[in-house]
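Some notes on the structure that comes next.
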Amino acid sequence: MGRMFGRKQGGALTYLGPDTEVLGDLKAKGQVRIDGLVKGSVYVEGELEVGRTGRVEGERVEAQSVQIHGEVKADLVAGKVSLSKTARFTGTVRAQALDVEAGAVFIGQSLAGETRALEAPKEV
């Protein structure tokens, strides 16, 4: 399992096991680990970890930091994003820091490295 279960700080932990399926948006505070399926957007005030068996298919994912070991198909906004070698990501990433391990699958585009990357594009 990822680093999340070696929790450094207190606070709530939300865990969705491998046999869990959520149809609709998920909103949580604290630390969230998804090993099941979420078909909808995910909004976390804290840390999000998508385990190897985890899948997120939605319009948007937002969190302070995101670790992906499984599959995410969504537009992603976070301060820090890490894709492990088992990760599969499809969409747009907006992050201050982006770490993609060799072997990860990344299909889409990224805007990383500046605070402005977290801002949504302005309509003309």
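Only one of the numbered conditions (1) surrounded by fewer than 19 Cβ atoms within 10 Å (Cβ to Cβ); (2) modelled with pLDDT of 95 or more is violated by Ala87, and that is (1). The conditions are (1) over 16 Å from Ala12 (Cα atoms); (2) touching an Asp or Glu at 6+ places or on another chain (Cβ under 9 Å), and Gln64 fails exactly one of them. Which is it? Going through the list (1) over 16 Å from Ala12 (Cα atoms); (2) touching an Asp or Glu at 6+ places or on another chain (Cβ under 9 Å), Gln64 breaks only (1). Of all residues in the range 79-89, those satisfying the criterion of being in a loop (DSSP other than H, G, I, E, B) and among the polar types (S, T, N, Q) are Ser84, Thr86.
Residues are listed down the side, and each one gets a yes or a no for (1) assigned to a strand (DSSP E or B); (2) not aliphatic (A, V, I, L, M):
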site	(1), (2)
Asp19	no, yes
Gly30	yes, yes
Val44	yes, no
Leu48	yes, no
Val56	yes, no
Val61	yes, no
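Among what's in the range 48-73 and is of a type in the set (Gly, Ala, Ser) and within 9 Å of the chain's Cα centre (by Cα), pick the residue that is farthest from Leu98 (Cα to Cα). Here the answer is Ala63.
Once the range 90-124 is narrowed to residues that are in a loop (DSSP other than H, G, I, E, B) and closer than 16 Å to Gly79 by Cβ, the residue that is modelled with the highest pLDDT is Gly113. Of all residues in the range 20-35, those that are free of Cβ contacts under 8 Å to residues at least 24 places away in the same chain and within 17 Å of Gly46 (Cβ to Cβ) have Cβ atoms under 6 Å from Cβ atoms of residues that are surrounded by fewer than 15 Cβ atoms within 10 Å (Cβ to Cβ) and of a type in the set (A, V, I, L, M), 6 or more apart or on another chain, in Gly30/Ala12.
The values are calculated or read from the model by the stated rules, or taken from the named source; none is laboratory data. For clarity, every value in this text was computed on a predicted model and none was experimentally measured. Every residue, glycine among them, receives a Cβ derived from its backbone with ideal geometry; neighbour counts consider all protein chains shown.
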